[in-house]
Structures are given as C-alpha cells and as structure tokens.
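Novice: One structure is given below, represented as structure tokens, and several questions about it will come after.
Any read-out appearing in this document is the output of simple, stated calculations on the displayed coordinates, not a laboratory observation. Quick caveat: nothing in here was measured; it's all calculated off a predicted structure. FYI the Cβ positions are ideal-geometry reconstructions off the backbone, even for glycines, and counts take in every protein chain you see.
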Amino acid sequence: MSQGVESQYQVLADIKKLDERIFRLQISINNIPVELSKHEKVLGEKRVVFEEAKAIYDKHTKRLREAEQELKIFEDKIKKAEDKLMEVKTNDAYAAANAEISNQKGEKSKLEDEMLKLMADLDKETEKFKQSQDQFKSEEAVFNEHKQKLDAENETLQEQLNSLKQEKNGVAEKLETAAATLYSRVSSRVAGPPVVEVSQGMCTGCRIKIRPQLYNEILGFTGVKQCPSCGKILIPAPPKAAMDPVSGMPTNGA
Ligand SMILES: [Zn+2]
C-alpha cells in the first residue's frame, strides 16, 4: 500500500509542478485585458476631448451656414424694398419703404457682426478640433500597436496553456481513482494550484502547522491527505540536498 501511495505522491508532485506553471500562465493571461484597459482608458480620454472639440466646431459651422442663409434673406428683402421705393407714389409710402430699408440694413449689419465673430471663433475652434483630432489619432495608433502586441502575446500564452493542460491531463491519468477524484474535487474548490508541499510540519499553501499525527501519516505514505485548514492536497517536501553517504554527492531523493 505505502509503495502505491508513494508513487501517487510522485504523480501529484509532477502535477503540482505543471499546475504551478499553469497558474502563473493564467495570471499573465488574466493580466492582458487589465493591461489593455489601461491603454483604452487613455485613448478614451483623448476621444472625449476630441469629440467635445468636434461638437463645438460643428455647432459653429452650422450657425455660420444658417447666418449665410439669413444674410441672403436680408439682402432679398432690402432689394425688394429698394424696388418698391422706385414705384411709390406718395410721400408716406416713400417714408415707409425707406424705414423698411433702413430697418433691414440694421438687422443685416448686426448679422454681419455676428458672422465676423463666428468666423474668428471658428478659426480658433478649427485649430482646437484639428489638434485634438491629431492627438486622438496618434493615441489610437499607439493603442492599436499595444493591442496587436497583447493579442499576439495572449495567443502565445493560450497555446502554452493548452499544451501544459494537455501534458497535465496525461500525467493525471496515472492517478488512481480515489486520488483522481480527490484532485478533481479540490481543484474545483481552491484558488491556485491544488497540490502543495508540507514542509517541517507546515502546509506551504496556507502556512498553518498541521497536527503531528497527520504529518507522520503523510511522511509514512499512509494515504493522500488534505490540509484541514485550506483543503489542498498535501505531499511531502523533497528532502533538501540529502547527501549520498557513499559518494558525498547530493542525491535526487530517489
Ligand atoms: Zn493548508
């Protein structure tokens, strides 16, 4: 029995190594969208500035076009009033037509003042609009570059992850039914790699000292055990640089 448990521990140790690599890879993969969102935030800020400047620019352009139309209407009205002036027969009608012309000319002049101011403003707004557009476009190019790089990185990491998972599944096939069931149950319940070493009586998963009896059971290969605190599967830590009494060289624990 203890021989069987010992070999199961070896399988679990191999799984542990692969799980740790899988876990680190997963962290890197999870970090990619976080990294991307930082760049997205900067781009978003530039977009807001650009869109605001564009809205002001559009508003000014629209008002200027309206004013041009209004100006034409005033010019028409003035022309009509001037034509009428030629045809009037009485002094009263002449005075009325003259007043109308003078009124329309006054309104037209106000409009022209407004248009001059609009055009001056539009020059400034166009400048701001173009500048913010350039800044947005260049930030967008930076963002696309980052995105491309991160997408490629993500693809590479996903490939590595898939191949590691496959490798692990191959190793996990060597687990006996009870250990396999336990491993799958623990995997679904704990965060991080489900197999941890117990070293000097301490679970290295949660840093809690386990009961000496449980520790002895693990060291004596009496069965595959879980940490009573964090629930992870405990395997004995490999002996640290044990020396071969004959050669004086470190043994590899075999
Ligand atoms: Zn623990």
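Novice: Return the distance in nm (one decimal) between the two label points of a simple spin-label model at residue 116 and residue 65, each offset 7 Å from Cα along Cα→Cβ.
Specialist: Reported label-point gap for residue 116 and residue 65 is 2.6 nm.
Novice: If you don't mind, another one. Using a Cα-Cα cut-off of under 29 Å, which lysines could be cross-linked to residue 225, ignoring same-chain neighbours fewer than 8 residues away?
Specialist: Within reach: 16, 17, 165, 168, 174, 209, 240.
Novice: Can you sort 119, 202, 86 so the residue with the fewest Cβ neighbours within 10 Å comes first?
Specialist: Result, fewest neighbours first: 86, 119, 202.
Novice: If you don't mind, another one. Compute the signed sum of charges (Lys and Arg +1, Asp and Glu -1) over the other residues within less than 10 Å, Cβ to Cβ, of residue 234.
Specialist: 0
Novice: Sticking with this one: Given H placed 1.01 Å from N in the peptide plane, which residues other than close sequence neighbours of residue 225 have an amide H under 5 Å from its amide H?
Specialist: 234
Novice: Give the separation of the Cα centroids, the range 23-70 to the range 91-120, in Å.
Specialist: Spelled out, the Cα-based centre of one part sits 44 Å from the other.
Novice: How do 48, 195 rank when sorted from fewest to most other Cβ atoms within 10 Å of their own Cβ?
Specialist: 48, 195
Novice: Indicate the gyration tensor shape class of the range 49-112 (rounded, prolate or oblate), computed on the Cα atoms with a ≥ b ≥ c the square roots of the eigenvalues: a/c under 1.5 is rounded; otherwise a/b larger than b/c is prolate and the rest oblate.
Specialist: Prolate.
Novice: Taking H as built 1.01 Å from N, whose amide H comes closer than 5 Å to the amide H of residue 174, not counting residues under 5 places away?
Specialist: none
Novice: When the Karplus curve 6.51 cos²θ - 1.76 cosθ + 1.60 is applied with θ = phi - 60°, which whole-Hz ³J(HN,Hα) does each residue of the range 88-104 get, with x for Gly and Pro?
Specialist: Once rounded to whole Hz, the list reads 5, 9, 10, 5, 4, 5, 5, 5, 5, 5, 4, 5, 4, 4, 5, 4, 5.
Novice: Tell me which residues come under 5 Å, amide H to amide H, from residue 199 once H is placed; ignore anything under 5 positions away on its chain.
Specialist: 204
Novice: Multiply the residue gap between residue 34 and residue 171 by 0.36 nm, knock off their C-alpha separation, and tell me the result in nm, one decimal place.
Specialist: 46.1 nm is the gain from fully extending residue 34 to residue 171.
Novice: May I pose another question? Considering the dipole of the chain built from charges on the beta carbon (Lys and Arg +1, Asp and Glu -1) around the Cα centre, which of 122, 184, 222 is farthest to its positive end?
Specialist: The one lying farthest along the dipole's positive direction is 222.
Novice: Hey, got a sec? Which trypsin sites (Lys or Arg not before Pro) in the range 154-244 land in a DSSP loop and have at most 12 other Cβ atoms within 10 Å?
Specialist: 207, 240
Novice: Can you tell me the dipole magnitude for the chain around its Cα centre, using point charges on the Cβ only (Lys, Arg +1; Asp, Glu -1), in Debye to the nearest 20?
Specialist: That gives the chain a dipole magnitude of about 1240 debye.
Novice: Suppose only helical runs count, i.e. DSSP H with n ≥ 4. What mean residue ellipticity at 222 nm does that imply for the chain under -39500 (n - 2.57) per run, divided by all residues and rounded to the nearest 500 deg cm²/dmol?
Specialist: About -28000 deg cm²/dmol.
Novice: May I ask you to compute the full-extension gain from residue 187 to residue 142, defined as 0.36 nm times their residue separation minus their alpha-carbon distance, rounded to one decimal in nm?
Specialist: Value of the extension gain: 12.2 nm.
Novice: A follow-up question, please. So what J values fall out for the range 44-55 if you push phi through Karplus, 6.51 cos²θ - 1.76 cosθ + 1.60 with θ = phi - 60°, rounded to Hz, Gly and Pro as x?
Specialist: x, 5, 5, 5, 4, 4, 4, 5, 5, 5, 5, 4
Novice: With θ set to phi - 60° and the Karplus curve 6.51 cos²θ - 1.76 cosθ + 1.60, what are the ³J(HN,Hα) couplings of the range 19-26 in order, to the nearest whole Hz, using x for Gly and Pro?
Specialist: 4, 5, 5, 4, 4, 5, 4, 4
Novice: While we're looking at this one, here's another question. Rounded if a/c is under 1.5, else prolate if a/b beats b/c, else oblate: with a ≥ b ≥ c from the C-alpha gyration tensor eigenvalues square-rooted, which is the range 177-236?
Specialist: Note, shape of the range 177-236 comes out oblate.
Novice: With a cut-off of 8 Å between alpha carbons and a minimum separation of six or more residues, what is the relative contact order of the chain in percent?
Specialist: Reported as a whole number, the value is 29 percent.
Novice: Which residues does a label at residue 49 reach in the range 125-146, if reach means a backbone N under 14 Å from a point 7 Å past the Cα toward the Cβ?
Specialist: Residues 128-140 fall inside that zone.
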